[in-house]
C-alpha cells in the first residue's frame, strides 16, 4: 500500500524524507546504478532501525522489557508506519535496480545482427571431411587386394575335373 507523499513528509525526518523522495517516479529514473545502490543501502538501514524500534516498543507495551525513554511506549503505530514507508521505498528502488540490470544485460538488436553476420561470414568455409575415393577424374585402376595364388588357375581346374571323372567311374 502506497502512502501519499504528504503523509511521508509528516512521518519522516528531513534526511529520511530526502532518501524516500528519491524513490518516487520522476526522480528514480534519473538516478544512476551506483546512486540506486546507495539509496537501497540507506533505506535498508532506516527500515531495519524502524523495525527494531517497533519491536522494542511492542515489548515495552507488553511489559516484557524496561522503557528506553522516560516513559514506556503506549503505541507503536508511528514506528510501524515509518517501517512501511521505508519498505515501500526499498521495493521501488530494488525494482528499478533490477530493471537497470536487465537493460544492461540485454544486447541491442543491432549488436545481435552484427554478431550473426560475423558468425555467418566466419562459417563460409566448409568443414566437411573428404569423401574418400570418388570418380572425379575418370576411372582409375583399383589394385587387387587378394594375394597371388600358389597354383596356376588352369591347373586347379584340370585337377578338379580329373577328380570328378574318377569319382563318376567308381560310382557307375
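Worth a mention:
- Checking 51, 58, 44 one by one, the residue that is surrounded by fewer than 19 Cβ atoms within 10 Å (Cβ to Cβ) and modelled with pLDDT under 95 is 58 and no other.
- Considering residues of region 96-114 that are assigned to a loop (DSSP other than H, G, I, E, B) and more than 30 Å from residue 20 (Cβ to Cβ) only, the residue modelled with the lowest pLDDT: 107
- Some residue of region 60-77 being in a helix (DSSP H, G or I) and under 44 Å from the mean Cα position of the chain (by Cα): yes
- Here residue 20 meets each of (1) free of Cβ contacts under 8 Å to residues at least 60 places away in the same chain; (2) surrounded by 12 or more Cβ atoms within 10 Å (Cβ to Cβ); (3) under 36 Å from the mean Cα position of the chain (by Cα) with one exception, condition (1).
- Among the candidates 125, 142, residue that is at pLDDT 80 or above and more than 30 Å from residue 29 (Cα to Cα): 142
Yes or no, residue by residue, for (1) exposed (fewer than 10 other Cβ atoms within 10 Å of the Cβ); (2) free of Cβ contacts under 8 Å to residues at least 24 places away in the same chain; (3) under 60 Å from the mean Cα position of the chain (by Cα):
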{"residue": "97", "(1), (2), (3)": "no, no, yes"}
{"residue": "108", "(1), (2), (3)": "yes, yes, yes"}
{"residue": "125", "(1), (2), (3)": "yes, yes, yes"}
{"residue": "147", "(1), (2), (3)": "yes, yes, no"}
{"residue": "166", "(1), (2), (3)": "no, yes, no"}
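- Enumeration of residues in region 23-41 that are within 19 Å of residue 103 (Cβ to Cβ), surrounded by fewer than 18 Cβ atoms within 10 Å (Cβ to Cβ) and over 27 Å from the mean Cα position of the chain (by Cα): 25, 26, 27, 30
The values are calculated or read from the model by the stated rules, or taken from the named source; none is laboratory data. Note that the structure is predicted; figures quoted are calculated from it, not measured. Counting neighbours? That spans all protein chains shown, and the Cβs are built from the backbone with ideal geometry, glycine included.
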